[in-house]
Amino acid sequence: MPEPVESTEPTGVDYGWVLQVTFVLSIVVGAPLVVVFALWADLPTWSDRLAFAVRVGAFVWLVVSIAVFAYARLSRA
């Protein structure tokens, strides 16, 4: 019987879980933050509003993804 070509390391980080939790937390945390920050921003046009939401959302996604990955990495150690 031939050896399998691919193998997994069960002690590593579950990247599927990290992606799913990052997605959910980015929406749950990011949407209210965009609204709160938009209250003090001058956003006269829809393109300004869209660009603002993308900038804030990207920052929230980055912070959440790093935090979730660090949690997954440290909790599996």
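Worth pointing out:
- Figure legend. Inter-residue proximity from segment 11-26: first residues loosely packed, with under 12 Cβ neighbours inside 10 Å, second residues at pLDDT below 90, beta-carbon distance below 7 Å, spacing 6+ or different chains. Indicated pairs: THR11/ARG76.
- Residue pairs whose Cβ atoms lie under 7 Å apart, sitting 6 or more positions apart in sequence or on different chains, and linking a residue in segment 28-48 that is open to solvent by 90 Å² or more (accessible area, probe 1.4 Å) to a partner that is in a helix (DSSP H, G or I), are PHE37/VAL56.
The values are calculated or read from the model by the stated rules, or taken from the named source; none is laboratory data. What you are looking at is a predicted structure, and each value in this text was computed from that prediction instead of being measured. In this analysis, Cβ positions are derived from the backbone assuming ideal geometry, glycine residues included, and neighbour counts consider all displayed protein chains. These accessible areas exclude ligands, DNA and RNA; they are computed on the full protein's heavy atoms, side chains included. Shrake-Rupley method; radii C 1.70, N 1.55, O 1.52, S 1.80 Å.
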